[in-house]
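Below is one structure, written out as structure tokens, with a few remarks after it.
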Amino acid sequence: GNSVTQMEGPVTLSEEAFLTINCTYTATGYPSLFWYVQYPGEGLQLLLKATKADDKGSNKGFEATYRKETTSFHLEKGSVQVSDSAVYFCALSLKQGGKLIFGQGTELSVKP
Amino acid sequence: DTAVSQTPKYLVTQMGNDKSIKCEQNLGHDTMYWYKQDSKKFLKIMFSYNNKELIINETVPNRFSPKSPDKAHLNLHINSLELGDSAVYFCASSQADTEAFFGQGTRLTVV
């Protein structure tokens, strides 16, 4: 079946550290891939997306590259800030505008 | 101007009660969803409607009944609430060529 696996959290980093959150997927067909972010007490916001192999999504200093050969979509940021503290969800969709299948979420805590 | 809005934001109720959560989107999207987020933050699709028609029902108990009076609204009615229904429920909407936009969530607590 279709599924998404993320690295376990919580992840705790110091401000300005490098961030990687691993995400791998299993899918029949060619999914679109997403990273959503959930700040405390809020809903989910799209952080970035990629719709085909080798696409790179980027936003607010975060990046992720759609790697079909390794079925991965790892999230990276060169220098995290305290305000990046949130839960990050990797997700896939098998068609544009279709339902999302989420990973289990990774909680990030950035300390000053 | 909120794109996807849900009410109420918090709902505390006793076991056995019936409650509804409302959702409205002003994005002109054709498809709306309900997702459930459990205590471990795991998110799972419950229902999806496209132009008022049910297209996804992910083996959710019959006590949950979505209703879409028009394509801008998707409400969730829950009968005979149980302790295990406590969760955060998110409404979302999308169009064929866009990502999903989420509401702020409704935190349901059954006591």
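Can you find, within region A:94-106, the residue that is farthest from B:ILE56 (Cα to Cα) among those that are assigned to a strand (DSSP E or B) and under 11 Å from the mean Cα position of the chain (by Cα)? Steps first, please.
Within region A:94-106, the first condition is being assigned to a strand (DSSP E or B), and the residues that meet it are A:101-102, A:106.
If we keep only those that are under 11 Å from the mean Cα position of the chain (by Cα) as well, we get A:102, A:106.
Working: A:PHE102: 16, A:THR106: 27 Å.
Filtering region A:94-106 for residues that are assigned to a strand (DSSP E or B) and under 11 Å from the mean Cα position of the chain (by Cα), the one farthest from B:ILE56 (Cα to Cα) comes out as A:THR106.
Here's a check for you: in region A:48-75, which residue that is among the hydrophobic types (A, V, I, L, M, F, W, C) and under 21 Å from A:GLU107 (Cα atoms) is nearest to the chain's Cα centre (by Cα)?
Of everything passing the filter in region A:48-75, A:LEU75 is nearest to the chain's Cα centre (by Cα).
Which condition from (1) closer than 22 Å to B:ASP18 by Cβ; (2) without any contact (Cβ under 8 Å) to a residue 40 or more places away in the chain; (3) within 15 Å of the chain's Cα centre (by Cα) is the one that B:MET32 breaks?
It is condition (2) that B:MET32 fails.
Give B:VAL4, B:VAL88, B:VAL110, B:VAL12 a once-over and let me know the one that is within 14 Å of chain A (Cβ to nearest Cβ), over 27 Å from A:THR51 (Cα atoms) and either open to solvent by 50 Å² or more (accessible area, probe 1.4 Å) or not charged (D, E, K, R) (or both).
Within the list B:VAL4, B:VAL88, B:VAL110, B:VAL12, the selection yields B:VAL88.
Can you pull out the residues in region A:57-93 that are more than 18 Å from A:PHE18 (Cα to Cα), part of a strand (DSSP E or B) and either open to solvent by 40 Å² or more (accessible area, probe 1.4 Å) or charged (D, E, K, R) (or both)?
The one that is more than 18 Å from A:PHE18 (Cα to Cα), part of a strand (DSSP E or B) and either open to solvent by 40 Å² or more (accessible area, probe 1.4 Å) or charged (D, E, K, R) (or both): A:ARG67.
Which one of the conditions (1) part of a strand (DSSP E or B); (2) hydrophobic (A, V, I, L, M, F, W, C); (3) over 13 Å from the mean Cα position of the chain (by Cα); (4) within 14 Å of chain A (Cβ to nearest Cβ) does B:LEU27 fail to meet, given that it meets all the rest?
Every listed condition holds for B:LEU27 apart from (1).
So if I check each of A:GLN81, A:GLN45, A:GLN38, which one is of a type in the set (S, T, N, Q) and away from every other protein chain (no Cβ under 14 Å)?
A:GLN81
Look at region A:1-47 and say how many of its residues are under 30 Å from B:THR2 (Cα atoms), open to solvent by 30 Å² or more (accessible area, probe 1.4 Å) and under 15 Å from the mean Cα position of the chain (by Cα).
3
The values are calculated or read from the model by the stated rules, or taken from the named source; none is laboratory data. Note that the structure is a prediction, hence the values are computed from the model and not measured. No Cβ is skipped: glycine too gets one built from the backbone with ideal geometry, and neighbour counts run over all protein chains shown. For accessibility, only protein heavy atoms count, side chains too; no ligands or nucleic acids. Shrake-Rupley method; radii C 1.70, N 1.55, O 1.52, S 1.80 Å.
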